[in-house]
Amino acid sequence: MKIVEKSACSFDQWYPKLKKWSVSAELEPIPDDVLEFLRSDIVTVPVEASVRRKLTSYIDDITYKNWDSDDEGDVDDEISPPSFPAFSARLSECMERLGGGVFVKLNWSAPTDAAWMATNSSLKCTNLQDLYLLLKSSGKISDDLEIKGQEKYYVVMKKWLDIHPGTEFRCFVSNGELIAISQRNNTEFHEHFQENVCSTVGNIKSFYYTKVKENFDLNCFVMDVIYTENSIKIVDINTFEESTNPGLFSWSELKDMEYVEGVSPEFRYISEDIGIQPARHAQHFGLPIDLTELSEEKSQSIIELLQAQVLSQRQED
Ligand SMILES: Nc1ncnc2c1ncn2[C@@H]1O[C@H](COP(=O)(O)OP(=O)(O)OP(=O)(O)O)[C@@H](O)[C@H]1O
């Protein structure tokens, strides 16, 4: 994949061009000190984001290490969570403008692997603590932060929508043509897909050719949409390459597929109910049950538990 394609799929690049047809979002450029905090291995949230602070007996005795101290081996310093008042205030304002509940991500990825950390194990952020916590504990976000040559990072906040998985589709564009559409969720059966094949394909196709194609000049990409009878909205744009999930296709199929007038795009969906399947994210991110239960109780304890773990590992080293 060319670097230009990767950067064209960065939220700050595609969103201004396709804003009119996308889920409402706001972007905040991340200052260097916040980037440094996000990349550090201590899991905490900035002072101004801390909703509650309740020490558990398990970690009462632990002495925390300052997250930004130069002396990595010294564990005797008191931890002093960082503070980014101006940046955090801007995030709060964005959240408010978007109606109070947001879905957070960076330029490419969302912390879908870290939902268990947040209040109610939901990705819906209604306060700064959940927002920072999700960003700090996600492996997908860490990977985004290591992308080579990326200079400008953004916190992207999208207006929270209760999205029904039966309305999500992944659309594959190759050489400027819409060649394939897959249901977004690879495991669930939705009866209405089969009943509405023609209208689903017809409406998504017309959306791509009349709205997206002329406003977005990338030749190959993958577009996620939510489609209901009344509207189509873009949720995300991804690169046309193996790191993007190919849905119910394989990447070798997609790379060999050619656009055929009157036939394309091919639409794939699960056509029979084969019973309950593991949830999409659970397939990749299984968690011990006691950790899952603890995370449901209080996210502040989780922060402290993780801090304690990092410290004890350092002491062992
Ligand atoms: N605004 C929103 N409100 C609620 N849920 C959302 C919102 N945007 C996305 N989601 C949910 O989160 C999922 C992942 O979103 P998104 O594609 O933005 O993240 P991602 O990290 O790029 O995902 P992937 O790595 O799977 O491509 C979506 O399929 C959708 O179910």
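Compute the length gained on full extension between residue 32 and residue 251: take 0.36 nm times their separation in residues and subtract their Cα-Cα distance, giving the result in nm to one decimal. Could the numbers behind the result be given before it?
Working: separation 219, 0.36 × 219 = 78.84 nm, distance 3.66 nm.
Taking 0.36 nm per residue and subtracting the Cα distance, the gain is 75.2 nm.
Here are some pairs, 6/158; 136/159; 19/159; 20/158; 158/233; which of them have Cα atoms lying more than 18 Å apart in this structure?
Working: 6/158 21 Å; 136/159 21 Å; 19/159 13 Å; 20/158 14 Å; 158/233 12 Å.
Pairs exceeding the cut-off: 6/158; 136/159.
Stretch residue 271-residue 214 to full length: gain in nm at 0.36 nm per residue minus the Cα-Cα span? If you can, show how the numbers build up before the last one.
Working: separation 57, 0.36 × 57 = 20.52 nm, distance 3.32 nm.
Value of the extension gain: 17.2 nm.
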Relative contact order (percent, whole number), the range 110-179, Cα cutoff 8 Å, 6+ residue spacing: 25 percent
Quotient of Cα Rg and 2.2 N^0.38 Å for the range 127-227, N being how many residues it contains: 1.33
Neighbour cut-off at most 12 other Cβ (10 Å), DSSP loop, trypsin sites (Lys or Arg not before Pro), the range 128-234: 148, 152
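Read-outs throughout are calculated quantities, based only on the coordinates presented, and are distinct from any laboratory measurement. Just so you know, these numbers come straight off a predicted model, no measurement behind them. Please note: Cβ atoms are built from the backbone with ideal geometry, for glycine as well, and neighbour counts cover all protein chains shown.
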